[in-house]
Structures are given as C-alpha cells and as structure tokens.
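> This is the structure I have questions about; it appears just below.
None of the figures in this text is laboratory data; all of them are computed from the coordinates on show. All values derive from a computational prediction rather than experimental measurement. Note that we place each Cβ from the backbone using ideal geometry, even for glycine, and neighbour counts take in every protein chain shown.
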Amino acid sequence: MEENQPFGQPPGQQPPFGQSNFNNPLTPRPKNYLVESILVTILCCLPLGIAGIVNAANVNSRYDAGDYAGAQAASKDAWKYTKLGFIIGLVVGILYFVVVVILGVGGAMLGR
Amino acid sequence: MRYKKWYLPGILIVVAALAVVYYRYDPGRSVYFPKCPFHTFTGLDCPGCGSQRAIHALLHGNIGQAADNNLLLVMSLPFLAVHYYHKTVSGITRRPYSWRVVGHPATARIIFVIVVLFWILRNIPLTPFQYLASD
C-alpha cells in the first residue's frame, strides 16, 4: 500500500486525539472501536459486540484499500453498535436489579 | 472525537465503584447480579458467560478461578492493558495513539475468529472443552 506516500506532515496539524494517520497524512485512519467492541462482547451484549468487531475489521481493510468514505461509514457503524451495546447492558442490568429488589420486598411483605 | 471533560473522571469513578461491588459480592451466589439472557433461555454459554464471576475472582487475585470462569476475559487483559497504556500515553503527551496492532486489518478478523471459536468450543460437553465452560 504505497499509493499514499506521506509527503511530510504540515507543522501544527496534529490529528485529533484517539486517531492516527499511518499512511495518509490528509485522511486520518478512522477510530475502529475494536477495544470497545471486545469489552461489549465480553461484558454484556454479545451480538452487538460481534457486529462492532466486524465493523472494526471493515474500518481497517477499507482504509488500507483507499476507501476512506467506506472506512468512515464502518467507523460510524462500529460506534453505533458498541454504544447501543453499552446502553442496553446498563439498562438491563439496572432493570434486573430493580426487579429483584421489588420481588424481594414484595416477598417479605407477603410474609415469606 | 474530542473527549469531554466529564468523560474520563466519570468512567473512572463508575469503574472504581463497580470494582468495590464486584470485590465484596460474589455474582455466582448473589441474586442481585444480572444473568445472561442467552444462558437463561438456551442453557448454553455465550462468549461473555462467567465474566462477572471471573471479575470477582480476579479482584481477589485468583487468576486460575477467573480463567476457569471465562478464559476469553483473562486472555483479553494483556491486550486491553497495552491498549490503555498507549491511550494514556497519547492523552498525556497529546500525540496520536501509536499502537499499530489495533489499526491492522488482520487484528479484528483474528479476534472475531477467536470469539466465535470460543463460543462454539465452550459448549461442547467433552473433556478438553469442558474447562472452557463458565462453570
């Protein structure tokens, strides 16, 4: 992949935090949310985590193929799935806790 | 994406609070911890099953028990550690994140294969694979 020869980074133009430009100084490699997807897979919501990992792979392969718009789209999808996974995990966890507490209090009031 | 000011301290506080909860209470014995819906309905383990118990074991320094509950979680720890080391360095020095492994096209594919393989293998009720199951 030498079609994007780095031609010297212009001074004072650091890419935003969390992104890096390995082989194209003008279009930084989009964030692929790989680590976040792994965390979602292991900690809560498996299907969304796997969707995140697949999109993370797409970000990298499309970027290296020169498809910067496709890489951006995959990055957006990856973030969408990991964010959804975190939110669903959080909401389900809290709901579960609340339901168990309500059932426990209800059971105690019924004299069990 | 720029990080907002509350983002990092907020996450650190939540993680610290969760660590205290998971240290003091055993998710395997307490009813207050959410159970995996996939495991509840199918009786099978998903790749994340056993991770709450594994975190409890890890916080007590019991890596062997954690690996027995969820090997994937224990295996991912070095990867996560290197990633967050690089992220911290990049945040402090304000230079771009520099760990190329995360940006390599093969990395995400390999991890995808590992997750799917782990999911299948840990549900095979035969001797070498039983150790991968969550209990």
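> Restricting to the range A:39-85, and then to whatever is more than 19 Å from B:V102 (Cβ to Cβ) and crowded, with 18+ Cβ neighbours inside 10 Å, can you tell me which residue is farthest from the other protein chains (Cβ to nearest Cβ)?
Residue satisfying both the conditions and the ranking: A:L48.
The rows are residues; the columns are (1) among the basic types (K, R); (2) touching a residue at least 40 places away in the same chain (Cβ under 8 Å); (3) touching a helix residue (DSSP H, G or I) at 6+ places or on another chain (Cβ under 7 Å).
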site	(1), (2), (3)
B:N70	no, yes, yes
B:S76	no, no, yes
B:T93	no, no, no
B:R100	yes, no, no
B:V115	no, yes, yes
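> Check every one of the helices (runs of 4 or more DSSP H) wholly within the range B:42-106 and list those with 3 or more residues that are among the hydroxyl-bearing types (S, T, Y) and surrounded by fewer than 14 Cβ atoms within 10 Å (Cβ to Cβ). Lay out the reasoning, then the answer.
Details: elements: B:51-59, B:63-69, B:71-93, B:100-103.
Result: B:71-93.
> If B:V82 passes every condition in (1) within 27 Å of B:I120 (Cα to Cα); (2) under 16 Å from the mean Cα position of the chain (by Cα); (3) within 11 Å of another protein chain (Cβ to nearest Cβ); (4) not charged (D, E, K, R) but one, which one does it miss?
(1)
> Still on this structure, please answer the following. I need the full set of residues from the range B:91-128 which are more than 10 Å from chain A (Cβ to nearest Cβ) and over 20 Å from the mean Cα position of the chain (by Cα), in order please.
Within the range B:91-128, B:I92, B:T93, B:I124, B:P125, B:L126, B:T127, B:P128 qualify.
> For the range B:90-107, what are the residues that are within 30 Å of B:H56 (Cβ to Cβ) and out of contact with any Ser or Thr (no Cβ under 6 Å at 6 or more places or on another chain)? Quick ask: steps written out before the conclusion?
From the range B:90-107, those within 30 Å of B:H56 (Cβ to Cβ) are B:91, B:99, B:101-102, B:107; that's our starting set.
Hits for the range B:90-107 are B:G91, B:W99, B:V102, B:T107.
> While we're here: Against the definition (acidic (D, E) and out of contact with any Lys or Arg (no Cβ under 7 Å at 6 or more places or on another chain)), how does B:D45 come out, yes or no?
Criteria not met by B:D45.
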